[in-house]
1. Subtracting the Cα-Cα distance from 0.36 nm times the residue separation, let me have the gained length for SER49 to ASN18 in nm, one decimal.
2. Could you list the chymotrypsin sites (Phe, Trp or Tyr not before Pro) in the chain that lie in coil according to DSSP, counting only those with at most 10 other Cβ atoms within 10 Å of their Cβ?
3. Over the chain, with every protein chain in place, what whole percent of the accessible area is carbon and sulfur at 1.4 Å, could you tell me?
4. Could you please put VAL92, VAL10 in sequence from largest to smallest accessible area, using a 1.4 Å probe?
5. Taking the solvent-accessible surface of protein heavy atoms with a 1.4 Å probe, what is the per residue accessible area of the chain in Å²?
6. When only alpha-carbon atoms are used, what values of Rg and Dmax, in angstrom, describe the chain?
7. What Kirkwood Rh does segment 2-53 have if only Cα atoms enter the pairwise 1/r average? Answer in Å.
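The values are calculated or read from the model by the stated rules, or taken from the named source; none is laboratory data. Since this is a predicted model, take the numbers as computed values, not measurements. Here the Cβ is made from the backbone with ideal geometry for all residues, glycine too, and neighbour counts use every protein chain on show. To get the accessible areas, we keep the full protein, side chains included, count just its heavy atoms, and leave off ligands, DNA and RNA. Shrake-Rupley method; radii C 1.70, N 1.55, O 1.52, S 1.80 Å.
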Amino acid sequence: MTAICSAQGVATFTITNNGGDMQTDGNYVVSNGGTPVDSGTFRLNAGGSTQVVVNGQVGNLTIAISGTGISATADTNCAAPTPTPTSTNTPVP
């Protein structure tokens, strides 16, 4: 499992199945500082992968996956996006 956060504050978690076909759904929960912000289920064939994308969160995000025979976590830190500077014209007297 991998976890990254872009400069735009988009966290992407990639879940990969390194075993055989999943016979039952796995569950995931994404938390920010211990507070759940996203959750769902997944089922992957052997060698398959899926991505969980979370927008608009700042801080340490953790994904926890669970299910029959699986349990794992991964973390990434999302900093606040840097504002884009804007120019203004100031009239000269």
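1. Values: separation 31, 0.36 × 31 = 11.16 nm, distance 0.90 nm.
Length gained between SER49 and ASN18: 10.3 nm.
2. Hits after loop and neighbour filter: nothing returned.
3. 49 percent
4. VAL92, VAL10
5. On the way: 5980 Å² over 93 residues.
Using a 1.4 Å probe on heavy atoms only, each residue of the chain averages 64 Å².
6. Over the chain's Cα set, Rg and Dmax evaluate to 18.3, 75 Å.
7. Value: 12.1 Å, from the Cα pair sum.
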